[in-house]
Amino acid sequence: MTVIDHLVYAGPDLQALVREVADLTGVEPVDGGRHEGRGTANALLGLGEGRYLELLGPDPDQPEPARPRPLRVDEVSTPTMVGWAVNLGGAGRNIEALVTSSQADGYDPGPVAPMSRRTADGDLLAWRLTPPEGGLGGAIPFLIDWGTTPHPSADLPSVELTGLRLEHPEPEVVRAALTAVDAVGLVQVSTGERLRITAELRTPRGTVTLG
């Protein structure tokens, strides 16, 4: 099975997002870096077991990008869980092979492409992934392969992810797509009027729900 790699929590102001999460959890996210040419920057908070929370927002130090910012950052007016990623769950698996098998099962995660970001220390991190918007509006995770790049969750201040929930008007369609990408057991799916992704965290300040 694939495993949760990270969750993406986006807002129109990254620093405000960082302050909110720090106030709620009692743990300060750290500066992650910037996605050059895409107009975004991030901060990171560990979630335990090789997972992390990515806080994503516009980068005020970059010019307006030529295309919309990834993961619907330009669309959110309040902090929102906009998507999630899964990785291959260990060595010996191939991201292209998972895309091919998923397509055969009726769900296309999209093409695999390279991406990178510059850390706060100036180091360049590189990875490969399917389109980060995911499927069904972000309900279905995108696939990511870090290759030889150290995983960003290492050495992060952290809280514990205790639950991931997803509401969607068509839960059976969601479950079928999750099954195709080998992720159906990673999230609780229920019926809702609209897509909503929520994460439950165990923190020094008690249980916190982000969504």
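Read-outs: derived from the displayed coordinates by stated rules, not from any lab. Here the structure is a predicted model, which means the values were calculated and not measured. Every residue, glycine among them, receives a Cβ derived from its backbone with ideal geometry; neighbour counts consider all protein chains shown.
DSSP finds beta bridges in the chain, and of those with both partners inside it, around 75 percent are antiparallel. What whole number of Å gives the distance from the Cα centroid of the range 85-106 to the Cα centroid of the range 148-193? After rounding, the separation between the Cα centres reads 15 Å.
For the chain, the convex hull drawn through the C-alpha positions has a volume of 115 cubic angstrom per residue. Taking the charge dipole of the chain about its Cα centre, with +1 at Lys and Arg Cβ atoms and -1 at Asp and Glu Cβ atoms, the residue from Pro58, Gly211, Val99 reaching farthest to the positive side is Val99. Annotation: amide H-H contacts under 5 Å for Asp13 (H modelled 1.01 Å from N, sequence separation of 5 or more, or interchain): none. What net charge do the residues around Thr179 carry, taking every other residue with its C-beta under 15 Å from that of Thr179, with Lys and Arg at +1 and Asp and Glu at -1? Summing Lys/Arg as +1 and Asp/Glu as -1 gives -4. Taking one quarter of the surface of the C-alpha convex hull of the range 76-186 gives a mean projected area of 8.6 nm². Relative contact order, whole percent, for the range 106-160 stands at 27, derived from Cα pairs under 8 Å and 6 or more residues apart. Using Cβ point charges alone (K and R +1, D and E -1), the dipole size of the range 117-211 about the Cα centre works out to roughly 160 debye.
For the options Gly57, Gly48, Gly106, a Gaussian network treatment of the chain with springs between C-alpha atoms closer than 10 Å singles out Gly106 as fluctuating the most.
Once the Cβ-Cβ distance of Ala16 and Gln188 is raised to the sixth power relative to R0 = 30 Å, the FRET efficiency obtained is 0.55.
Please label the shape of the range 5-92 as rounded, prolate or oblate, based on the square roots a ≥ b ≥ c of the eigenvalues of the alpha-carbon gyration tensor (a/c under 1.5 means rounded; beyond that, a/b larger than b/c means prolate, else oblate). It comes out oblate by the Cα gyration axes.
Placing dummy labels 7 Å off each Cα toward the beta-carbon, the span from Arg118 to Thr100 is 3.7 nm. Restricting to the range 58-172, what percent of DSSP beta bridges are antiparallel, rounded to 5? Roughly 75 percent of the beta bridges in the range 58-172 run antiparallel, per DSSP.
Evaluated with a Cβ-only charge set (Lys, Arg +1; Asp, Glu -1), the chain carries a dipole of roughly 140 debye about its Cα centre, given to the nearest 20.
Backbone amide hydrogens, once placed in the peptide plane, bring Thr40 within less than 5 Å of His35, Asp59, excluding anything fewer than 5 places away on its chain. For the pair Thr207 and Arg67, a Förster radius of 45 Å applied to the C-beta separation gives a FRET efficiency near 0.75, rounded to the nearest 0.05. For Gly163, the residues 5 or more places off, or on other chains, whose built amide H falls under 5 Å of its own are Glu200. The calculated 222 nm mean residue ellipticity attributable to helices in the chain amounts to -4500 deg cm²/dmol, summing -39500 (n - 2.57) over DSSP H runs of n ≥ 4 and dividing by all residues. Cα-based radius of gyration for the range 29-143, normalised by 2.2 N^0.38 Å, reads 1.11.
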